[in-house]
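Q: This is the structure, below, for whatever I ask next.
The values are calculated or read from the model by the stated rules, or taken from the named source; none is laboratory data. Just so it is clear, the structure is predicted and the values come from calculations on it, not from any experiment. Every residue, glycine as well, gets a Cβ built from its backbone with ideal geometry; the counts of neighbours run over all protein chains shown. Side chains are part of the model used for accessible areas, which takes the heavy atoms of the whole protein and leaves out ligands, DNA and RNA. Shrake-Rupley method; radii C 1.70, N 1.55, O 1.52, S 1.80 Å.
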Amino acid sequence: MASITPGTADKLFEKLKVNPNGGTRTRTAVLAMRVCQRAWGVARRSEPRLVSSDNPFQKMGLSYKSKPTRLFQHDDLIKFVAKADESGERSIGTAAMIAFYWLQREIDIIGRLAWSNYRPVDAPETARITHHKTGEIVEIPLYDDDGTALWPELMARLDAADRHGSLIVTRDTADRFKGIRLPWKKRHFLRHVAKIRTAAGIDPAIKFMGLRHGGNVEGADANLTDAQLRALSGHKTTAALLRYAQATAQQRKSGARMRLTLERKVRKFRNEQVTPCRNDVLDTCYVIDFMVSAEGLEPSTP
C-alpha cells in the first residue's frame, strides 16, 4: 500500500482513460478513481493501523461532464414504429412506444414487462410500470376522468396484440428448436433496433435509450411540472429527472411566453388598480392583489 502514492493514482487514471482501441473513456476512469477513493476510506476505517489516513485518490481534481443523450423525437418514433412493423418486427415497435410514452428502461421492457402489468386484475384501468433500477412502481392511468384514453395508440396496439407467453415483448418469430417465441436478449435486440433505425433513415447516433429521454423531454416541452414528470417516469429526485428532461429551446420559449403574459396582466391590473399601496411595497401589493383577484377574492387595502 505504501507504493500507492498520489503520483501512482494519477498514472492509473491516465492509463484507464485510454480504451483498448485507443479511444478515450474519461467517464470510466473518473468512476474508477472515485471507487478507489471510497475503498481506501473503507479500508482505513476497518484497519486504521495498516492504512494511511492520507488517501492518494483524494484531491485529484476529477471532473466529467456527460454529453446529452441524443433524443428520439416523436416524429422519429412514428417512422421507427412504421418501419419495424413493415419489417415484421412489431415487438420492437411496441417496445419503442413503451419506452417513449411510459418511460420504462429497455432492460425492463424486454425482460420483465409482463401482460399481467397491463390492465392488472386489481387495477384494470392502469398499466403497472416497474423501474427495477430504483425499485419504483408507477401506476399509470389509462383513462382520463371522462373515460378518454390517455395513450390511445399504444393501448390500441396492446389490446389488439397476440399474446405469446407471459411477456409483452418477445421475438416476432418462433424459435426453430423450441417452437416458441423467446424473450429478446439485449445485444440481439439492439442489433435489430440498429437495422430498423437505419431503414427508417434515423441518425445512427440516436440510440434506443434516446426514446426514454425523448419522452421525458416531450413532457417538459409540454410544460409538465417536475412533480408530474417524476410521477410518470419513476425518478425519485428532480436531480435525477433533469438528466433526462433536457432543457430545450421550446421550454425557454414557453417560459418567456408565460413570463410576458403574466407581466402584461400585472401591468394591466396595475393601471386599473384603484386601491393605493405604499410606495415601498408597491410592486408587491400589485402582484399580490392581482393573484388574489385571479382567485375571485377581494383585494385587501394594505
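Q: Determine the pairs where a residue that is assigned to a helix (DSSP H, G or I), located within the range 245-263, has a partner that is open to solvent by less than 70 Å² (accessible area, probe 1.4 Å) and among the small types (G, A, S) with Cβ atoms under 8 Å apart, the partner being 6 or more residues away or on another chain.
A: Once the first residue is assigned to a helix (DSSP H, G or I) and sits in the range 245-263, its partners that are open to solvent by less than 70 Å² (accessible area, probe 1.4 Å) and among the small types (G, A, S) give Q251/A220.
Q: For A160, all conditions in the list (1) surrounded by fewer than 17 Cβ atoms within 10 Å (Cβ to Cβ); (2) in contact with a Lys or Arg (Cβ under 8 Å, 6 or more places away or on another chain); (3) of a type outside the set (D, E, K, R) hold save one; what is the number of the exception?
A: Only one criterion in (1) surrounded by fewer than 17 Cβ atoms within 10 Å (Cβ to Cβ); (2) in contact with a Lys or Arg (Cβ under 8 Å, 6 or more places away or on another chain); (3) of a type outside the set (D, E, K, R) is unmet by A160, namely (2).
Q: Suppose we filter the range 36-67 for residues that are under 31 Å from the mean Cα position of the chain (by Cα) and in a helix (DSSP H, G or I); how many remain?
A: Narrowing the range 36-67 to residues under 31 Å from the mean Cα position of the chain (by Cα): 36-39, 60-67.
Those left that are additionally in a helix (DSSP H, G or I): 36-39.
Final tally of qualifying residues: 4.
Q: I'm trying to understand the selection: among the residues of the range 103-149, which are in a strand (DSSP E or B) and of a type in the set (G, A, S)?
A: Residues satisfying the conditions are A114, A127, A149.
Q: Taking only pairs six or more apart or across chains, which ones have beta-carbon atoms under 8 Å, a first residue in the range 118-129 that is more than 11 Å from Y143 (Cα to Cα) and of a type in the set (K, R), and a second residue that is open to solvent by 70 Å² or more (accessible area, probe 1.4 Å) and not in a loop (DSSP other than H, G, I, E, B)?
A: Every condition considered, the pairs that remain are R128/I137; R128/E139.
Q: Checking the conditions here, which among G219, G215 is in contact (Cβ under 8 Å) with a residue 24 or more places away in the chain, farther than 19 Å from L113 by Cβ and part of a helix (DSSP H, G or I)?
A: It is G219.
Q: Taking the condition touching a helix residue (DSSP H, G or I) at 6+ places or on another chain (Cβ under 8 Å), under 24 Å from L229 (Cβ atoms) and open to solvent by less than 80 Å² (accessible area, probe 1.4 Å), does W184 pass?
A: Answer is no for this residue.
Q: Just the residues that are polar (S, T, N, Q) and not in a loop (DSSP other than H, G, I, E, B), please, taken from the range 222-237.
A: Q228, S233
Q: Just one of (1) surrounded by fewer than 20 Cβ atoms within 10 Å (Cβ to Cβ); (2) among the aliphatic types (A, V, I, L, M); (3) not in a loop (DSSP other than H, G, I, E, B) trips up V81, so point out which.
A: With respect to (1) surrounded by fewer than 20 Cβ atoms within 10 Å (Cβ to Cβ); (2) among the aliphatic types (A, V, I, L, M); (3) not in a loop (DSSP other than H, G, I, E, B), V81 is out only on (1).
Q: Step by step: first the residues of the range 45-63, then only those that are under 15 Å from E14 (Cα atoms) and aliphatic (A, V, I, L, M), then the one that is surrounded by the most Cβ atoms within 10 Å (Cβ to Cβ). Which residue is that?
A: Among those that are under 15 Å from E14 (Cα atoms) and aliphatic (A, V, I, L, M), it is M60.
Q: Return the only residue of I92, I107 being under 30 Å from D162 (Cα atoms) and open to solvent by 70 Å² or more (accessible area, probe 1.4 Å).
A: I107
Q: On the given criteria, is M33 over 27 Å from E106 (Cα atoms), in a helix (DSSP H, G or I) and open to solvent by less than 60 Å² (accessible area, probe 1.4 Å)?
A: So M33 fits the description; yes.
Q: Sticking with this one: Just name the residue that is farthest from Q104 (Cα to Cα) out of those in the range 150-164 that are aliphatic (A, V, I, L, M) and part of a helix (DSSP H, G or I).
A: Narrowing the range 150-164 to residues aliphatic (A, V, I, L, M): 150, 154-156, 158, 160-161.
Filter once more, so that each one left must be part of a helix (DSSP H, G or I): 154-156, 158, 160.
On the way: L154: 14, M155: 16, A156: 19, L158: 16, A160: 21 Å.
It comes out as A160.
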